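What follows is a single structure, written as structure tokens, with notes after it.
What follows draws every value from the coordinates through simple rules; no lab data is involved. Quick caveat: nothing in here was measured; it's all calculated off a predicted structure. Ideal geometry is used to build each Cβ from the backbone, glycine not excepted, and the neighbour counts take in all protein chains shown.
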Amino acid sequence: MDKNPDEVLTQVVGDILESQAFMFSDPLDELPSFPGDSLLVAMHFSGPFQGELSMAIPVELCAEVAANMLGLEPDDELAEHRAHDAVKELLNVACGHVLTELAGEEPVFDLAVPTVMPMDELEWIKFINSAGCVALSIDDAPLVVRLVMQ
Amino acid sequence: MALNILMVDDSETVRAVIAKTLKLADIPINELHQASNGEEALTLLKAHWIDLILCDINMPVMSGVEMIERLQEDEILKTIPIVVVSTEGSATRIEQLKSKGVRAYIRKPFTPEQIRGIVEDIIGALDGQES
């Protein structure tokens, strides 16, 4: 594996946010403080190596992602309803691309279905301080992505 | 020729985006059906004639690969063109899918142009079969 996983995560997640949700991200140098109601979205993968890709994201940003993917206003009820589904799909697409970037196009990975659960402040702090995290800023909202490989 | 299309994806958001993309691309649609996994799709296929299946791979209950294998066991259903729309980028996996009868592969995130190009190719092939 020649590529730096942190750089790959930053690039891939930024590209997918841009192409799927028309949102632009910037890498954050400092760990972001707890933004309030947040979600932990996670999915396992297995293949030549196994691990988990996960993402800590403010609830408000999830609705914006859903709205942008569906071409709705952020306060549209449908965007709020689809928020969990939209961020699970965002992570799913990111996972496929991260694995191709890191392992190349030959290996086959099995991707599990993403899960989503609420995250409190303590869980946020523990997550962002764990190894394998990169932090991004999207319209001043934080998004932290973590890749764990075993 | 207006098509009966079946979208199979566990994400409601993706199904909504694909539906919107098909409309934007001016694909002639007669009926647009949805299923959230392979098992739902197989049930739906027993009740409706479908001209084209757009399906994901990683889904709960029954994956896209298992659904495709089940379709290949049926003399009629195996003739329906299948386009896989998935996040996976493995060339090995794509070749495996094509060997199971998959007509084309679109990697997420996709553009309306990609969907349009592939569906138009398939419509052309279907029209050719009819004439």
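Under unit Cβ charges (Lys, Arg +1; Asp, Glu -1), what dipole magnitude, rounded to 20 debye, does chain B have relative to its Cα centre? List each step's numbers first, then the result.
Numbers: 13 positive and 21 negative charges, 60 e Å.
Around 280 debye, computed over chain B.
So for chain B, averaging the separation of alpha carbon pairs under 8 Å that are six or more residues apart and normalising by length, what relative contact order in percent results? Present the calculation step by step, with values, prior to reporting the outcome.
Details: 195 pairs, mean separation 32.3, N = 131.
Taking the mean separation of contacting Cα pairs over the length of chain B, I get 25 percent.
Partner lysines whose Cα lies under 29 Å from the Cα of A:Lys126, excluding those fewer than 8 positions away in the same chain, are identified as A:Lys3, A:Lys88.
Here chain A is treated as a Stokes sphere of Kirkwood radius computed over C-alpha pairs; at 4 °C and 1.567 mPa s its diffusion coefficient rounds to 84 µm²/s. Using r as the Cβ-Cβ distance of B:Ile29 and A:Glu52, and R0 as 45 Å, what FRET efficiency do you calculate, to the nearest 0.05? It comes to 0.70.
Its relative contact order, with pairs defined as Cα atoms under 8 Å and 6+ residues apart, puts chain A at 37 percent.
Give me the Kirkwood hydrodynamic radius of region B:3-125 in Å, from all C-alpha pairs, to one decimal place? Could you put the intermediate results ahead of the total?
Working: mean 1/r = 0.0703 Å⁻¹.
Here the Kirkwood hydrodynamic radius works out to 14.2 Å.
Compared with the dominant Cα axis of chain A, that is its longest principal axis, helix A:83-103 is turned about 20°.
The simple spin-label model puts a point 7 Å past each Cα toward its Cβ; for A:Asp110 and A:Lys3 those points are separated by 2.4 nm. Compared with the dominant principal axis of the Cα atoms in chain A, helix A:59-70 is inclined by about 80°.
If you take each beta carbon of peptide A:93-100 and count the beta carbons of other chains within 10 angstrom, what is the mean? Please list the in-between numbers first.
Details: counts 8, 2, 3, 9, 6, 2, 4, 6.
For peptide A:93-100, the averaged partner shielding equals 5.
When restricted to Cα atoms, the protein assembly as shown yields an Rg and a Dmax of 19.3, 66 Å, respectively. Summing Cβ point charges (Lys, Arg +1; Asp, Glu -1) relative to the Cα centre of the protein assembly as shown gives a dipole of roughly 840 debye. Extending 7 Å from the Cα toward the beta-carbon at both A:Asp26 and A:Asn129 defines two label points whose distance is 2.7 nm. Straight-line cross-link partners of B:Lys98 among the lysines, defined as a Cα under 18 Å from its Cα and at least 8 positions apart when in the same chain: B:Lys78, B:Lys108. For the peptide B:59-69, the mean number of other protein chain Cβ atoms found within 10 angstrom of a residue's Cβ is 1. Taking each residue as 0.36 nm, the span from B:Met1 to B:Lys46 lengthens on full extension beyond its C-alpha to C-alpha distance by 14.0 nm.
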